[in-house]
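Trainee: After the structure tokens below, expect a handful of questions from me.
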Amino acid sequence: MAQSLRLSIQFFEKANLMIRHCSLLAITSTILLLANGANAITITLDFDSVSTGSTLLTTPLTTPAGLITLSTEGSASTSLFISPPGHGQGLLANDGGSGADNRVSLNFGFDVVSISFDYSGEGGGVFTAKVLDHAGAVLDSIFNGSTSCGNGSCFDGSVTLMGGSIREFTFFDGPGGLSFALVDNLVITTAPIPEPSTALLMSLGLIGLGARRPRI
């Protein structure tokens, strides 16, 4: 009799364990489906208002995806401006001399998949822009060896740079350029960002409950 009782208990324990495993598998599948339904976020920087980057020189920009900060290297740190004198709209300019050591960068606290923007450079100058990942590896770039639009009264071109996990956008007048480069009308597309939902939080809670083994 005791032997039969032990066998019955063992059978029900195994059955209960299998049910929990199946439940966890179903919950995990649900979470993956919810994550796959996440949406990308589009952020515009035209430097015409606080919400579109006009104060990035002094204050990080908070976006729905995370923070955007601005950094400089070389002489760019002393000659960067958002809106050039006599220009009627905001734009981001680097007037720090030619060469990659005088670069201006936008840094993202989140993954970006593409950045579209307008650009221009000094007459007879050159323009270089790159996007990099968190380790500093270049994912995409553009080089224009003959710019002509000067202080932003026109643009030399529009381009989209792409990468799966962009964390930095940097630009400068060089190599071998003069002293001026600018960008405007940036459209930044993030990697899909999962949005917390009641169903997701409930699923996580159920996983926690399912992971607890009842004591016999």
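Trainee: Between beta-carbons, use under 12 Å as the cut-off and find the net charge around residue 155, counting Lys and Arg +1, Asp and Glu -1.
Mentor: Taking every other residue near residue 155 into account, the sum is -3.
Trainee: If I model a spin label at residue 141 and residue 158 as a point 7 Å from the Cα along the Cα→Cβ vector, what separation in nanometres do I get?
Mentor: 2.5
Trainee: Per residue and in Å³, how big is the convex hull formed by the alpha-carbon atoms of the stretch 117-170? Before the final figure, lay out each step's value.
Mentor: Details: hull volume 3.6 nm³, N = 54.
Per-residue hull volume (Cα only) is 66 Å³.
Bear in mind that the values in this text are calculations on the coordinates, not laboratory data. The shown structure was predicted, so the numbers you read here are calculated from the model rather than taken from an experiment. So basically every Cβ, Gly included, is an ideal-geometry build from the backbone, and we count neighbours across all protein chains shown.
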